[in-house]
Every structure is written in structure tokens, then in C-alpha cells.
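Encoded as C-alpha cells, the structure appears first; notes follow it.
Coordinate-derived values only; no laboratory data. All figures in this text were calculated on a predicted structure; none of them were measured in a lab. Cβ: placed from backbone, ideal geometry, glycine included. Neighbour counts: every protein chain shown.
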Amino acid sequence: MKKKIAVFFMAALVVDSIAASGSAQLLRIEDLAGAYNFHHKIGIYYSPDKTEIVQVDDVLEIVKISDRDAYMRVHLRFDNGHICNFSAIGTLEGDSLVYRTQVYDALRQQERTCTFSLVHDAKKIQVTDPGQVCRINTCGARGLYDRAQFQTKTHRRIRYMPALLNSREYQEAIAKFRGTATASEPAKEKSISP
């Protein structure tokens, strides 16, 4: 009897293990690639008596470079026209695209590590910048990344891919990723298909 219980228990563990591994799909860059947007309002404050409310879009673009790497660009808009604009090649780490670099913090007079991440779950992609280090050279005074998120339901194919591939931001990110000093050559990636 004890042997039957032990065999039944082991079989249940195997079934649970198979079910768990089958339901936890690995995140693929192909699933993320595309454009996302967040439509919202900002205020332009001319004086205490005069404010203009303006409709704007925050934009996230993800372009597959390889099975583990993707170009990511985040453009966020804030009150009084302040922006955050970040572009780099991130590497897939679990459920996130992550980019790390050293940034000089003039206020602290030291190098700090910028860890910029796009964290994916079924409903959204959350932008993270622990310690707000990445914003130092990429955001206006009112801008920051940590509150930004993009709903996955806004995901769409990038229809302006030739323009994106030839943009200054993309060229600079590719050059830095490849370790070249300049980004003077146009993109030559033929396998990119968001």
C-alpha cells in the first residue's frame, strides 16, 4: 500500500512539473517587437492664470536585432513640454529587455550605473530606471521613466520601419552595440521583421 501511495505521489509531481513548464512560456523578442503608445494630456503653464491642456502620445518602439537583443526607444512627454528620450539595444533577461551603461552624475561627481529595463507581463510593459540614473542625460527637469507603462493592447506593427532603421537614434544604438565609433552607415539588417 505504501508503495502505491509513493508511486501515485511521484506521478502527481511529474504531472504538476510538466503542466507548470508548459504554461510558463519564455518571453520572445518576436512577441514584443512593434510599437506601443499611451495617449494622455499634459499642461503647458504660461502663467498662474493661463494654462493650455494638450493631447500627446508617449511612444515605445521595439525592433528585433537577434533572438536575445532588441532596439528599444522610449519617448515620453511631460508638462511644459519636458521630454524623456531613450534609445539603446537591450538584452533579454527573463521577462525584461535590459540595458546597462555607466553615466556620469555631475551632481554627485561620480560614475553611476544606469539600468534601463522594459518589464513585460500579459497586460503591460513597465519602464524601470532604478535610482533614476538613466534619466540624468535623457530627460528634462519634469521627466522620469519609472511611472511609464504601455498597455500590450496598444501593440501594433511598425509601419515606418525604413525611417526608423535610418534614424539617428537607431544608428547610434547599433554603433554602440557593435562597438563602432560612428553610425554613418545605414542599417543593413535584412532579417528584421516586427
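Taking max minus min of the alpha-carbon positions on each principal axis, the range 98-187 gives extents of 42, 37, 22 Å, largest first. Can you grab the distance from the C-alpha centre of the range 124-140 to the C-alpha centre of the range 69-100, Å, no decimals? The two parts, judged by their Cα centres, are 8 Å apart.
Extending 7 Å from Cα along the Cβ direction at Arg68 and again at Arg156 yields two label points whose distance is 3.4 nm. Projecting the Cα positions of Leu144, Gly131, Val98 onto the charge dipole of the range 77-157 (unit charges on Cβ atoms of Lys, Arg, Asp and Glu, taken about the Cα centre) puts Leu144 furthest along the positive direction.
The stretch between Leu27 and Asp105, if pulled fully straight at 0.36 nm per residue, gains 24.7 nm over its current Cα-Cα span. Translational diffusion of the range 29-178, estimated by Stokes-Einstein from the Kirkwood radius over alpha carbon pairs at 20 °C in a medium of 1.002 mPa s, is 132 µm² per second. Distance between the 7 Å Cα→Cβ label points at Val119 and Lys176: 2.2 nm.
Kirkwood Rh over Cα pairs of the range 46-93 into Stokes-Einstein at 4 °C, 1.567 mPa s: D in µm²/s? Once the numbers are plugged in, D ends up at 100 µm²/s.
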